[in-house]
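Enquirer: Take a look at this one; I'll ask things after.
The values are calculated or read from the model by the stated rules, or taken from the named source; none is laboratory data. This one's a predicted model, so the numbers in the text were calculated from it and none came from an experiment. Neighbour counts are summed over all protein chains in view; Cβ atoms, including those assigned to glycine, are modelled from backbone coordinates with ideal geometry. Calculation scope for accessible area: heavy atoms of the full protein, side chains included, ligands and nucleic acids excluded. Shrake-Rupley method; radii C 1.70, N 1.55, O 1.52, S 1.80 Å.
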Amino acid sequence: MIIPKLKSALAFGGDYNPEQWPESVWQEDMRLMRDVGVNLLTLGVFSWSKLQLDENRFDFGWLDRVMDLLAANEIFVDLATATASPPPWLSHRYPDVLAVDANGAPFYPGSRQHYSPSSPTYRAMALELVCRLADRYKNHPALAAWHINNEYGNHVAECHSEASTKAFRLWLQRRYPSLNELNDAWATTFWSQRYSSWEEILTPRRTPTFANPAQSLDFKRFTSDSLLALFLAERTVLRTATPLIPVTTNFMGFFKPVDAQAWAREMDFVSWDSYPDPADCCSAALLNAATHDLTRSLKRDRPFLLMEQSVSSVTWKSVNVAKHPGLMRLWSWQALARGADGVMFFQWRASRAGAEKFLGGMLPHVPPERSRTFAEIKALGHELRSLSAISGTLVKSQIAIVFDWAAWWAIEADSKPAPIEYANWAQEIHSSLTALNLTADFVGPGENLDRYSLVIVPCLYLLTPSTAANLSRFVENGGHLLATFFSGIVNEHEQVELGGYPALLRRVLGLMVEEWFPISHDSSQALLFFGQNQVLSCKRWSESLQLEGAESIATYQHAPLFGRPAITVNAHGKGQAYYLSTQLEGDGLTSLLSQINRAAKVRGILSPTEGVETVLREGSGERFLFLLNHNETPVTLTAETLHGVDLVTNAAVHGSIVLPPLGAQVIRLRMLADPTQQTI
Ligand code: GAL
């Protein structure tokens, strides 16, 4: 139970912005919310300017009335701390609250989220508001969770203001005991960058050419940490006032500026905002699957919350494609399948004005009784009530994908042999696993890997000795590892680990990478994969390898690497370490992963069917099998062990099931007398 006040109900609702409407509308809101089954609302995200009219004038009256109304209607509140968008009076009086870009230009009010995370004024004002909110609503019956700020780092990911520059220097002084150590870590002898006093150090601003890579990397670390410090300051106030009310903030999936793994440790439950593009449903569903798994993995011992999604289209693309009938339901179910204990939307009532008035809402501009989307919302709300048995259950994976924010920041910085899209590559690997009906956890580099049979390491360019030891230990103990190209190249300061790439993984992989041969963007090359006697296509990257015990299982078919090893396997301790020295495309990646899965004894839930996603949630002796049909045509699934009861309709399932187009079902699986037969 991530929100104890909801008991075992799945959360259903969205952002609620009643301050945009006359109070007479609120009564209608309550009636319609009850009608569709709303039980949780995120309240007041952008209400700072309505709560604090001036430095010394607060108005909580309207919020009191909304909170009371919601309590009377048995609707709980995920109460926002409202600190994401400071009111205009604040920056007018204290311009130091404004964030500044790398060219020195401030971000002005008039939009949203324009604050500098390092501004002491912003921080003091935000905390004062949070203290007042906490004190006022700590015993309110509607309060069920705290929603700190909103989408930290969104719009303004980095700030170069004077306050940020000073804060960066302090952060560096904590990281490096002396200026000499900083000079060494940043290799400032290169291009005459040596610092002789801390005051000379700036945030990486506009420079004639490539900035110092170690400085840029530290600035990324600092940025994530400085936003986290704001979150922690608010959290401390809230935890003191309401120790039993859980605290969250909404992540944005594969969002580079915020190291979600470090943040999640500080949160009571994690949540994220999902806005896949319905213009390409197939890739959107795969990206969504990966992002749910990423978010779920941030706290593997509990479910997460889908905090926001759109009912239909968004407003920030040039063409905002609407979700076709059924797609909103299917994608909501996908979140549940992958471990969410609730489905929330942006927003309850579509705004009448403002930059997002065409984004839609659970309650659209058109009369609800004549709206297709409202009918779908109502149906979903009712359906969720029959799914409460899944609440608290978890998705368990045999596969881990190592994902590391520092490696992401480093590998995508300038001046590499070729651009590598780190998160995209991790997602491509995840998508191949999804096509094989396998789920994967995304784990941080230092996490314990004992529970996994297979660990995949996409391009871990930045590798520390402790991570290398963690991976080696995993293989020595009998695990299967797949590491991919351009891994283990630099240390935490972006300095090459000498001795032959990938120095710290050479023993476990049984090879040395001698040279890189990037493949130009618009071409693909071929590999010959022995196991399947198959030609696979690869892109972006290739390498010349010198084997030191590893065996080649695929060779390049292009000059100058013709006949040279492209994929290898090395027996190490009780396990096996595979190395993929290029980026395989589509089916090739699936073939390789199938072969490694067989070796690692990783099995899917059902044998794969094109466009059908299957995921298992389990807990308290129960197993729930989600079946999601992303095809526009019906699909029949047949499997001997597909036995149980449809959780929504209570109909019995005996070995076969027909999924309608864009259909989603969940089966409470019958538990077999012999537990060894439980795996389908
Ligand atoms: C999110 C944001 C919401 C709303 C939504 C729809 O990024 O948290 O406040 O703007 O997008 O655009």
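Enquirer: Residues that are open to solvent by 10 Å² or more (accessible area, probe 1.4 Å), closer than 28 Å to residue 286 by Cβ and β-branched (Val, Ile, Thr): find the strands (runs of 3 or more DSSP E) completely inside the range 431-491 holding 1 or more of those.
Expert: none
Residue-by-condition table, conditions (1) under 20 Å from residue 268 (Cα atoms); (2) aliphatic (A, V, I, L, M); (3) in contact (Cβ under 8 Å) with a residue 24 or more places away in the chain:
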position: 12; (1), (2), (3): yes, no, yes
position: 34; (1), (2), (3): no, no, yes
position: 54; (1), (2), (3): no, no, yes
position: 66; (1), (2), (3): no, yes, yes
position: 77; (1), (2), (3): yes, yes, yes
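Enquirer: Restricting the first residue to the range 305-332 and requiring it to be open to solvent by 50 Å² or more (accessible area, probe 1.4 Å), which pairs with a second residue that is more than 10 Å from the ligand (Cβ to nearest atom) and at pLDDT 95 or above meet a Cβ separation below 6 Å and a spacing of at least six or different chains?
Expert: Here the result reads 329/380, each pair linking the range 305-332 to a residue that is more than 10 Å from the ligand (Cβ to nearest atom) and at pLDDT 95 or above.
Enquirer: For the range 110-137, which positions are in contact with a Leu (Cβ under 9 Å, 6 or more places away or on another chain) and open to solvent by 50 Å² or more (accessible area, probe 1.4 Å)?
Expert: Correct list: 123, 132, 136.
Enquirer: Here is a follow-up. Across the range 522-552, what is the number of residues that are touching a strand residue (DSSP E or B) at 6+ places or on another chain (Cβ under 9 Å) and in contact (Cβ under 8 Å) with a residue 60 or more places away in the chain?
Expert: Of the residues in the range 522-552, 6 are touching a strand residue (DSSP E or B) at 6+ places or on another chain (Cβ under 9 Å) and in contact (Cβ under 8 Å) with a residue 60 or more places away in the chain.
Enquirer: Right, something else. Would you call residue 25 open to solvent by less than 10 Å² (accessible area, probe 1.4 Å), of a type in the set (Val, Ile, Thr) and out of contact with any His (no Cβ under 7 Å at 6 or more places or on another chain)?
Expert: For residue 25, the condition - open to solvent by less than 10 Å² (accessible area, probe 1.4 Å), of a type in the set (Val, Ile, Thr) and out of contact with any His (no Cβ under 7 Å at 6 or more places or on another chain) - is not met.
Enquirer: Could you say whether any residue in the range 417-430 is part of a loop (DSSP other than H, G, I, E, B) and closer than 18 Å to residue 599 by Cα?
Expert: no
Enquirer: Among the residues of the range 256-263, is any of a type outside the set (A, V, I, L, M, F, W, C) and more than 16 Å from the ligand (Cβ to nearest atom)?
Expert: yes
Enquirer: Can you find, within the range 307-346, the residue that is nearest to the ligand (Cβ to nearest atom) among those that are among the aliphatic types (A, V, I, L, M) and assigned to a loop (DSSP other than H, G, I, E, B)?
Expert: Among them, the one singled out is 314.
Enquirer: Are any residues in the range 481-518 in contact (Cβ under 8 Å) with a residue 24 or more places away in the chain and of a type in the set (Phe, Trp, Tyr), and if so, which ones?
Expert: Within the range 481-518, 485, 486, 516, 517 meet the criteria.
Enquirer: All but one of (1) at pLDDT 95 or above; (2) away from the ligand (no atom under 15 Å from the Cβ); (3) farther than 19 Å from residue 346 by Cα hold for residue 304; state the number of the condition that does not hold.
Expert: Failing condition for residue 304: (3).
Enquirer: For the range 365-408, enumerate the residues that are open to solvent by less than 40 Å² (accessible area, probe 1.4 Å) and farther than 29 Å from residue 624 by Cβ.
Expert: Of everything in the range 365-408, those that are open to solvent by less than 40 Å² (accessible area, probe 1.4 Å) and farther than 29 Å from residue 624 by Cβ turn out to be 368, 371, 404, 405, 406, 407, 408.
Enquirer: Restricting to the range 75-99, give me the number of residues that are part of a strand (DSSP E or B) and either among the aromatic types (Phe, Trp, Tyr) or open to solvent by 20 Å² or more (accessible area, probe 1.4 Å) (or both).
Expert: Adding up the residues that qualify gives 1.
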